[in-house]
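Structure first, commentary second.
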Amino acid sequence: MMRMNLSSAIKLFLFCGVTFLLFGCASTGLEKQNDAPLWLYSDTIPQIFPNEEFLARTAFADDAESARLRADSELSSFFSAEIQSCAYADETFLNSQDSFGSKTNKIRNLSRQIEVSSHGELVALCHTDVFFDKGRKQFAVCAYINREEAWNLLEPRLRSKSQGLEKAYQKSHGEKERFTKIILLNSVLKESDEFYSLYFLACGIVPKKAESFSKIDTLIQNAESESLRLKTLTKILIQADGDDKERLKTKLSEIFSKEGFSVGDDGAVYSVNVKTAFAISENGGIFISYPQISLLVRNADGIVLSSWAKQISKISAYTREACERMVWDRIEKELESNFIEECLNGK
């Protein structure tokens, strides 16, 4: 299987994008006006906005404001394409023992997928004066970005975000407790979204200078790989109080399994205990409940490593059965969303 890294994906993206800008951005096939600005035509736009210094896009519309907005939109489209990159890693754990004393004789194939969208934050955006194209009988505007000016705005933000990610990654390396280490690694991945948004934008504008931050992409990949590896070594026992139908246990088992953990009773190194409280009262024929949910993660010595609790907003229904059903639905929804963000991802 061909392996495609982020650098290769970006280069392909840039080649297509630059070609698009050079050959599709201005009026063609029409008789040129003597008083037309250079940016109006595709063969002369490089004279005023050379590609090595600028990104530029000309647009036309029936009025000046619409032309300006359309130019912004078309320049933004250069950054709006989704970039997908898949990296595959086969890791073998065969009769190995890690620093936590765990052994395994299983072979696992780990895969990761990065899917990041850049949504066109147009930094250092400028516009030409409006020009009326007599051939088209429309107004024209060119939106352009000076690459150097854009980099001067992007570089401090990229540097600040990179420093934060490096600090968080180093903190995870200093942690010896496995579950806590996983949470710290996940926090690196959580904070990576903003970095990638800036990074891809910089790659689109100043690719050579953006390469100086490619090491942070590698750091993020390492954090994800290490988190996945540790999760495969971590078995968790789920315990739910007051869960006669085992809805909580089933939902938590599903969540931890999807996150990459092993779930079961035999040989579990960690335990997760979850409790709920949701008394249902009646008031004027309306059944009301204010559900609460709490969760503790403990190691084999019973030490609490992580905790999470949530007070769910008021739930009301016309029957007790409907109210109870809504309570359980809301509890499961909280576990699916907020629990992962606030507990497992180190928010």
When a/c reaches 1.5 or more, the comparison of a/b and b/c decides; with that in mind, is the range 220-305 rounded, prolate or oblate per its Cα gyration tensor?
prolate
Taking the Cα of Ala309, stepping 7 Å toward and past its beta carbon, and measuring to each backbone N in the range 247-273: which are under 17 Å?
273
DSSP beta bridge pairing in the range 160-315, given as percent antiparallel to the nearest 5:
75 percent
Averaged per residue, the 1.4 Å probe accessible area of the range 271-344, protein heavy atoms only, in Å², is roughly 53 Å²
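Run the accessible area of the range 209-281 with a 1.4 Å probe and give the carbon-and-sulfur part as a rounded percent. Please list the in-between numbers first.
On the way: 1510 of 3390 Å².
Within the range 209-281, the accessible surface is 45 percent carbon and sulfur.
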Please compute the per residue accessible area over the range 122-191 with all protein chains in place, 1.4 Å probe, rounded to a whole number of Å².
50 Å²
Work out how much length Arg136 to Asn273 would gain on full extension: take 0.36 nm times their residue separation and subtract the Cα-Cα distance, in nm to one decimal.
42.3 nm
Given Lys235/Lys310; Lys161/Lys190; Lys176/Lys249; Lys161/Lys209; Lys190/Lys333, which pairs have Cα atoms separated by over 23 Å?
Lys235/Lys310; Lys176/Lys249
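The values are calculated or read from the model by the stated rules, or taken from the named source; none is laboratory data. From a predicted model like this one, the values you see are computed outputs, not experimental measurements. Heads up, the Cβs are rebuilt from the backbone with ideal geometry, glycines too, and the neighbour counts pull from every protein chain shown. Only protein heavy atoms, including side chains, enter the accessible area calculation; ligands, DNA and RNA are left aside. Shrake-Rupley method; radii C 1.70, N 1.55, O 1.52, S 1.80 Å.
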